[in-house]
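Have a look at the structure that comes next, please.
The values are calculated or read from the model by the stated rules, or taken from the named source; none is laboratory data. Not measured: the values here are computed from a predicted model. Cβ coordinates were reconstructed from backbone atoms using ideal geometry, including for glycine residues, and neighbour counts include every protein chain displayed. What goes into the accessible areas is simple: the full protein's heavy atoms, side chains included, and nothing from ligands, DNA or RNA. Shrake-Rupley method; radii C 1.70, N 1.55, O 1.52, S 1.80 Å.
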2 protein chains.
Amino acid sequence: MADTVGFIGLGIMGKPMAENLIEAGYDLVVYNRTREKAEDLDGATVAESPKEVAENSDIIITMLPDSPQVEEMLLGEAGVLEGVGEGAVIVDMSTISPVITEELSEKAAEKGASMLDAPVSGGDVGAVEGTLAIMVGGGEEDFERALPLFEVMGGAVTHVGPSGTGQVVKAANQIVVALTIEAVSEALVLGSKGGVAPDKILDVLGGGLAGNKVMEVKREKLLEHSFDPGFRIELHHKDLGIALAAGREYGVTLPVTAVVDQMLETLKMRGRGDLDHSAILTLIEESSAHEIGS
Amino acid sequence: MADTVGFIGLGIMGKPMAENLIEAGYDLVVYNRTREKAEDLDGATVAESPKEVAENSDIIITMLPDSPQVEEMLLGEAGVLEGVGEGAVIVDMSTISPVITEELSEKAAEKGASMLDAPVSGGDVGAVEGTLAIMVGGGEEDFERALPLFEVMGGAVTHVGPSGTGQVVKAANQIVVALTIEAVSEALVLGSKGGVAPDKILDVLGGGLAGNKVMEVKREKLLEHSFDPGFRIELHHKDLGIALAAGREYGVTLPVTAVVDQMLETLKMRGRGDLDHSAILTLIEESSAHEIGS
């Protein structure tokens, strides 16, 4: 018999992911703190608590904002671990701390359940289209069992290692993306103030070793200062916080991540947390009293 | 009648570039401070001084290590500007300061000559194969005149703006390359110490917004710690010095470039200036007491 599936967290990411599972034929049992969002979901059974989701599911997916929410849904009163059955798999697709992931995984094991960490990238568009990149940490057998679900929700699905490593790779990913945006921003402001058209800078740099996906995907946002998200500054700031905390736990020095994290903090404090992360550019522009292309 | 061509500076880059021009049918007049290197060049006429090169050439190409050498060859005793004819074009293909480039361009104009700055990327392999990327600053007419030569020496040739802007774009390029190597290094060390195989990190990150050319081109060097250059740390450190000096002149804040510049300084002081720039990785590894993949 096919696994029954629970889904907890029906926000901007979780809702379309759950909808894709329903469309693929899964009978979902769902829970959301704001119950209306769960009731909006056609074809799903709404549970009264995370515990009730767990009691009725072989695989329980969580898609939540950050570590505290995942801890609450799993460990809190009427939480998943109160209802989870022997042999069930908890699949946390949130982006949270790999250190907390390992702790939660151990607590799940005490109940006879196992846990996968399976953070995603690709944003709300990827969630709607079912093309998310999914980085999975945990046991091989659990990965194989959840794989059909991942293939509904995502495009590139990679099992990267044991518990926690999905989150570690996601943190590594967020480091490279943030630092690349910062690098491109410094290059654009220097080049523009030095008299070069910004689009020409991107054209030339894109053809060589400096080439990167950020310059392609964020090209229009950078050139037009159209910073509608996309992926918000405040979420990227949260993610670099996870990376830095993991570095502190593992004993890894992340000097430039630390600097860019501070820059994201500055952007948040200046009221730009809701903008796309490519708005890092605006901080270099302000510091240099120069808007590119002007 | 076709332009006669002079070439000054026959080092690891200049020599193969000059050879490609000779092979394409140009009669070169050449000068090199160490005369033997000039005499080694088959099919070229060796001049006694930069002045003599200029006296016998419509287009004078320079390919030298840094600003002081270009200044010396152009402005020094028996330098290019003592011999340059009315209407000649000086094409400086070295990577030097855009600020000094503009000064030299003005001095050339006083002699009735003009100047292009045309720094390259693509390294010694690109120089040998004639596939260099060439970023050109200066007048449109001068650019068109030198274009046949650029097309012999390079692949992608782009006229980016007025005098100095070729150097500005090169500086922007070097910023993005150095910061990307640093970003990938932090990601690799965090990921590896967090339990993920380094090749898997590169695979996953390469498929999304974190994707960049550095992870492709430097993959083996990073994974195998095989840091034969390639492009040397000490040259990249020189280039970031140019970028930072240009930023200071133009009033552009480059906070992360400044940090990575310091890291390159550290690597030089630790005796690794001769390694490929991807050896930035070793600094993060040392700081974290962890070699990736171990």
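Does residue B:264 meet the test of being within 11 Å of another protein chain (Cβ to nearest Cβ), part of a helix (DSSP H, G or I) and either at pLDDT 95 or above or within 27 Å of residue A:264 (Cβ to Cβ) (or both)?
no
Among what's in the stretch B:95-109 and is touching a residue at least 40 places away in the same chain (Cβ under 8 Å) and in contact with a strand residue (DSSP E or B) (Cβ under 6 Å, 6 or more places away or on another chain), pick the residue that is farthest from residue B:64 (Cα to Cα).
Checking each candidate, the answer is B:105.
Tell me, which residue of the stretch B:83-92 that is free of Cβ contacts under 8 Å to residues at least 40 places away in the same chain and either of a type in the set (Phe, Trp, Tyr) or not in a loop (DSSP other than H, G, I, E, B) (or both) is farthest from residue B:47 (Cα to Cα)?
Top of the filtered list is B:92.
Among the residues of the stretch B:267-294, which ones are among the small types (Gly, Ala, Ser) and part of a helix (DSSP H, G or I)?
Matches in the stretch B:267-294: B:271, B:278, B:279, B:287.
Is it true that residue A:128 is buried (at least 24 other Cβ atoms within 10 Å of the Cβ), at pLDDT 95 or above and out of contact with any Gly (no Cβ under 7 Å at 6 or more places or on another chain)?
In short, no.
Name the strands (runs of 3 or more DSSP E) wholly within the stretch A:1-82 that hold at least 3 residues that are surrounded by 20 or more Cβ atoms within 10 Å (Cβ to Cβ)?
By residue number, A:5-8, A:28-31, A:59-62.
Provide a single number: the residues in the stretch A:177-208 that are within 7 Å of chain B (Cβ to nearest Cβ) and open to solvent by less than 10 Å² (accessible area, probe 1.4 Å).
Adding up the residues that qualify gives 14.
Which pairs turn up if I take residues in the stretch A:145-163 that are without any contact (Cβ under 8 Å) to a residue 12 or more places away in the chain and look for partners that are open to solvent by less than 50 Å² (accessible area, probe 1.4 Å) with beta carbon separation below 7 Å, at least 6 apart in sequence or on another chain?
Pairs that qualify, where the first residue is without any contact (Cβ under 8 Å) to a residue 12 or more places away in the chain and the partner is open to solvent by less than 50 Å² (accessible area, probe 1.4 Å), are A:147/A:157; A:151/A:157.
Restricting the stretch B:210-243 to residues that are of a type in the set (A, V, I, L, M, F, W, C), closer than 18 Å to residue B:119 by Cβ and touching a helix residue (DSSP H, G or I) at 6+ places or on another chain (Cβ under 6 Å), which is surrounded by the fewest Cβ atoms within 10 Å (Cβ to Cβ)?
That would be B:231.
Among the residues of the stretch A:128-138, is any assigned to a helix (DSSP H, G or I) and either free of Cβ contacts under 8 Å to residues at least 24 places away in the same chain or not polar (S, T, N, Q) (or both)?
yes
While we're looking at this one, here's another question. Kindly provide the set of residues from the stretch B:97-123 that are within 14 Å of another protein chain (Cβ to nearest Cβ) and hydrophobic (A, V, I, L, M, F, W, C), ordered by number.
Residues satisfying the conditions are B:99, B:100, B:118, B:120.
Mind listing whichever residues of the stretch A:100-124 are closer than 20 Å to residue B:201 by Cα, modelled with pLDDT of 95 or more and surrounded by fewer than 22 Cβ atoms within 10 Å (Cβ to Cβ)?
The answer is A:102, and nothing else.
Here's the yes/no breakdown for (1) touching a Lys or Arg at 6+ places or on another chain (Cβ under 9 Å); (2) aliphatic (A, V, I, L, M):
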| position | (1), (2) |
| --- | --- |
| B:181 | yes, yes |
| B:187 | no, yes |
| B:191 | yes, no |
| B:205 | no, yes |
| B:212 | yes, no |
| B:215 | no, yes |
| B:218 | no, no |
| B:228 | yes, no |
| B:257 | no, no |
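Check residue B:85 against each of (1) modelled with pLDDT of 95 or more; (2) more than 23 Å from residue B:235 (Cβ to Cβ) and name the one condition it does not meet.
For residue B:85, the exception is condition (1).
Pull up the stretch B:147-166, narrow it to residues that are more than 8 Å from chain A (Cβ to nearest Cβ) and crowded, with 24+ Cβ neighbours inside 10 Å, then point me to the one that is farthest from residue B:238 (Cα to Cα).
Residue satisfying both the conditions and the ranking: B:149.
Do we have any residue at all in the stretch A:42-50 that's in contact with a helix residue (DSSP H, G or I) (Cβ under 9 Å, 6 or more places away or on another chain) and at pLDDT below 95?
yes
Let me ask something additional. Among the candidates B:130, B:126, B:139, single out the residue that is within 13 Å of another protein chain (Cβ to nearest Cβ) and of a type outside the set (A, V, I, L, M, F, W, C).
Exactly one residue qualifies, and that residue is B:126.
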